1. So which residues in the range 118-164 are free of Cβ contacts under 8 Å to residues at least 24 places away in the same chain and closer than 17 Å to residue 90 by Cα?
2. Quick one: which residue in 129, 100, 120 is farther than 28 Å from residue 39 by Cα and out of contact with any Asp or Glu (no Cβ under 6 Å at 6 or more places or on another chain)?
3. Just to be sure before I move on: is residue 91 under 23 Å from residue 154 (Cβ atoms) and in contact with a helix residue (DSSP H, G or I) (Cβ under 9 Å, 6 or more places away or on another chain) in the structure I sent?
4. If you check 83, 177, 99, which single one turns out to be out of contact with any strand residue (DSSP E or B) (no Cβ under 7 Å at 6 or more places or on another chain), within 26 Å of residue 55 (Cα to Cα) and free of Cβ contacts under 8 Å to residues at least 12 places away in the same chain?
5. Condition first: closer than 20 Å to residue 81 by Cα and either touching a strand residue (DSSP E or B) at 6+ places or on another chain (Cβ under 8 Å) or in contact (Cβ under 8 Å) with a residue 12 or more places away in the chain (or both). Can you find one or more residues in the range 188-203 that meet it?
6. Applying the selection to the range 79-95, what residues are surrounded by 14 or more Cβ atoms within 10 Å (Cβ to Cβ) and over 15 Å from the mean Cα position of the chain (by Cα)?
Amino acid sequence: MNKMKALLLAGTFLVGMAGALAQPPAGTQAGSPPNAQPTARIRGAVTGFDGQELQVKTRDGKAVKMTLSDTAKINVLSPLDMSDIKQGSFVGVTAVLRSGALQALEVHVFPEAMRGTGEGHYDWDLTPGSTMTNANVDAIVATNNGEKLTLTYKGGTQEIVVPKHTPIITFTPADKSLLKPGAQVFVIAQPAADGSLTALRILVGKAGMRPPM
């Protein structure tokens, strides 16, 4: 085999491997930030927690068990007002396309220490056709349909209208004491080859609030 043919075969193998790694494992959710590891997103209510294993009943009635990683991050969600979003804020916006424009289903304002988290615009799984945009707020303009945010991220810009009464939240560090039966959670978990889940980040709604993302 000559040197050129060997190099071509090696290149073909690496491209094939990259494509395989880009596919999420069975049971995980599609639509992750670019270059992120595939994860599962679980939304529901806590039914049990023994300090290590978390049990959640999902919104569609499924019982899910997961182990908390040693570095699992737990945050409590608190409501904000539209006036709390400023030019220069780093936000995440779940949106859907309606009447030719993106309209927000929820907005979460990242603490400054988390600026840059999941930056980009990509598919999301809250509802069919939903997207997530994590980006910097460049401008806020009042419209007849609500406030229009101009969001800029590496490689692109999106304009998203935030209708009145859209849930707006932020989050602060919390601990495992919030993981009580009935607590509403949004969990980002890492699936293993055997189907088991390890919780990496848990967002808990304050005072029974349902995480909107």
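1. The answer is 141, 148, 150, 152, 157.
2. From the options 129, 100, 120, the qualifying one is 100.
3. Taking the combined requirement at face value, the residue does not satisfy it.
4. 177
5. Yes, some residue in the range 188-203 is closer than 20 Å to residue 81 by Cα and either touching a strand residue (DSSP E or B) at 6+ places or on another chain (Cβ under 8 Å) or in contact (Cβ under 8 Å) with a residue 12 or more places away in the chain (or both).
6. Listed by number, the residues that qualify are 79, 80, 82, 85, 89.
Computed from the coordinates by the stated procedures, all read-outs in this text should not be read as laboratory data. Predicted, not measured: the structure shown is a model, and the values here were computed from it. Counting neighbours? That spans all protein chains shown, and the Cβs are built from the backbone with ideal geometry, glycine included.
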